[in-house]
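Data first, discussion second: the structure below is written as structure tokens.
We did not get these values from a lab; they are worked out from the coordinates using the rules stated. Predicted, not measured: the structure shown is a model, and the values here were computed from it. In this analysis, Cβ positions are derived from the backbone assuming ideal geometry, glycine residues included, and neighbour counts consider all displayed protein chains.
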Amino acid sequence: MKKLTLKIISMHQMLLFQVITMVFLTSCDSFVEVDLPKSQLTTVSVFDNYATANAALADIYSKMRDQGLLTGTASGISNQLGNYTDELTCFASPGDPTLPFYTNALLPANSTITDYWNISYNQIYAANAVIEGVDLSKKLSVIEKEQLKGEALFIRALVHFYLTNLYGDIPYIISTDHKSNNTAEKSPVKVVYNNIILDLESSAMLLKPDYKNAERIRPNQFAVKALLARVYLYDESWAEASNAASAVLNAVNLYAIEDNPSLVFLKNSTETLWQFQPSASGKNTDEAGIFIFFSGPPPLVALSNNLIESFDPVDLRKVNWTAAVSEGTTQWYHSYKYKEFNNTASSMEYSVILRLAEQYLIRAEARAKQGDLIGAKEDLNRIRKRAGLTDTEAVSSQEIINAVLRERRWELFTEYGQRFFDLKRSGEIDNALSTVKTGWNSTDVLFPLPQNELSINPKLRPQNTGY
């Protein structure tokens, strides 16, 4: 599956490949382990059996972990959008795929931009295949159908969410019909958001509050509501954002803020809502592999001086989540949220996609927008307290909102482009980046649409402004 528009393979082929892939995963405890039936799988038989249907769905998560937007490798948006904004400084060699992000010199023919688009729509296509297969199945129980479809709807919404925040107007793909997908038209961002919200609301109704396993590697109802809270916040639906975040924060039997920052990114953190399990037992995160370095100059990236200098010196996040490397009189810092650079006897850190602290900051901002200043400050101060800081001195609604945005910078750095998205939606992106980034243009708030996709499907035109 190389392209949405040219090379979408049949659902039969795709699901057969997914199940075969699951069988040969090196880790027996990675997602789901199933035995391949002796006879060749057909589309119908995949969804006649919960084990194979579940394996097809689980394989989508492994693909999301290993490639595309959310991968923890250097090609993922945690690294690339950190370079695109003011979180990271790039030390990569000429020709490295990260440099065009750091210099804000992306072009429509950029291979990473094209891969983001194609891989994302392949993941969406796979989710749609699961949804359609589950709906047609006559063998799966009602409970099994709800769980499988609920997760697939969550995946579809999640990937579309990142695509529209990167590319703007995009097609919202809800089927595996390659004929209609080949000529899909772009939908305005507002329409995309409405579709995302509908998918997440349906997903939340289908999924249960409990996790399928203790390690939280498959989303539950509260993970869905956490993403819904973020979507509502971006959509400026303040009451809805506050209510969705409250639903998560009130689940005190499942979640609690880790008062010690060094515990936040361990695999058994009480703050984790949803995370990716490593591909093999004893393996840890890819993020540690790209961000941590032991001598200077850094081989790929370092945290920017702009970010490091913005921290309060006593902020425990700076103490616990960054680390200094010195050579002579020169000093660099790297992200140290994930600390396990090498394999360990058993995996200690998983890649956290959604976590509780963000929900406090979402609700703080949404409450301030609605005039609930006392509640907003309580939420903001909960996060500041964990960081070892005093209560905020912000008083007015706008002061509190600005304080929340600053707190998000210190809390969520190098986590899936949160800084980029916050600067965009707050309208502060030009002010923040024009003075610290060479090559920054106002039109860089959107990536270019892949040139080859525009050539294949004219309905995706026009190209985004500036490209």
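Where does helix 142-167 land angle-wise versus the long Cα axis of the chain, in degrees 0 to 90, nearest 10?
So the inclination is approximately 50 degrees.
Tell me what the chain gives for mean residue ellipticity at 222 nm when only DSSP H runs of n ≥ 4 count, each as -39,500 (n - 2.57), the sum divided by the residue total, rounded to 500 deg cm²/dmol.
After summing the helix terms and dividing by the residues of the chain, the value is -15000 deg cm²/dmol.
Cross-link partners among lysines for LYS179, C-alpha distance below 22 Å, same-chain residues fewer than 8 apart left out?
Within the straight-line limit of under 22 Å, LYS179 reaches these lysines: LYS2, LYS3, LYS7, LYS459.
Excluding LEU316 itself, calculate the net charge of residues whose Cβ lies under 12 Å from the Cβ of LEU316, where each Lys or Arg counts +1 and each Asp or Glu counts -1.
0
Cα gyration tensor of the chain, axes a ≥ b ≥ c as square roots of the eigenvalues: rounded (a/c below 1.5), prolate (a/b > b/c) or oblate?
Here the chain falls in the rounded category.
Going by alpha carbons, how many degrees (0 to 90, nearest 10) lie between the helix axis of 189-206 and the longest principal axis of the chain?
70 degrees
Could you run the Karplus curve 6.51 cos²θ - 1.76 cosθ + 1.60 with θ = phi - 60° over region 405-417 and give me ³J(HN,Hα) per residue in whole Hz, x for Gly and Pro?
Those phi angles translate into 5, 5, 5, 4, 4, 6, 7, 10, 4, 6, 10, 6, x Hz.
I'd like the orientation of helix 373-386 relative to the chain: the angle between its Cα long axis and the longest Cα principal axis, in ° from 0 to 90, rounded to 10.
90 degrees
Could you give each residue of region 120-127 its phi-based ³J(HN,Hα) in whole Hz, using Karplus coefficients 6.51, -1.76, 1.60 with θ = phi - 60°, and x for Gly or Pro?
4, 6, 5, 5, 5, 4, 5, 4
Which whole-number percent gives the relative contact order of region 282-347, counting Cα pairs below 8 Å spaced six or more residues apart?
50 percent
Between LEU198 and LEU136, what FRET efficiency comes out of the Förster formula 1/(1 + (r/R0)^6) with R0 = 22 Å and r the beta carbon distance, rounded to 0.05?
For LEU136 and LEU198, the calculated efficiency is 0.55.
Using each residue's phi in region 64-80, evaluate 6.51 cos²θ - 1.76 cosθ + 1.60 at θ = phi - 60° and report the 3J(HN,Hα) Karplus result to the nearest Hz, with x for Gly and Pro.
4, 5, 9, 7, x, 5, 9, 5, x, 6, 4, 7, x, 6, 4, 7, 5
Quick query: amide H of TRP274 versus all other amide H atoms, modeled in the peptide plane; which residues come in under 5 Å with a sequence gap of 5 or more or a different chain?
Correct list: ILE353, LEU354.
Give the shape of region 282-347 as rounded, prolate or oblate, defined through the alpha-carbon gyration tensor: a ≥ b ≥ c are the square roots of its eigenvalues, a/c under 1.5 means rounded, and otherwise the shape is prolate if a/b is larger than b/c and oblate if not.
oblate
List the lysines whose Cα sits under 27 Å from the Cα of LYS318, skipping any in the same chain fewer than 8 residues away.
Leaving aside lysines fewer than 8 places away in the same chain, those within reach of LYS318 are LYS267, LYS283, LYS337, LYS339, LYS377, LYS385, LYS424, LYS437.
List every residue whose amide H lies under 5 Å from the amide H of VAL301, counting only residues 5 or more places away in sequence or on a different chain, with H placed 1.01 Å from N in the peptide plane.
Amide H neighbours of VAL301, under 5 Å, 5+ apart: PHE91.
Check which residues have an amide H placed less than 5 Å from THR322's amide H, if you skip close sequence neighbours.
Long-range HN contacts for THR322: TYR336.
Does region 235-297 classify as rounded, prolate or oblate by the C-alpha gyration tensor (a ≥ b ≥ c root eigenvalues; a/c under 1.5 gives rounded; else a/b over b/c gives prolate, otherwise oblate)?
Taking the square roots of the gyration eigenvalues as a ≥ b ≥ c, region 235-297 is prolate.
Putting +1 on Lys and Arg Cβ atoms and -1 on Asp and Glu Cβ atoms, find which of GLN221, TYR338, ASN122 reaches farthest to the positive end of the dipole of the chain.
It is ASN122, whose Cα lies furthest towards the positive end.
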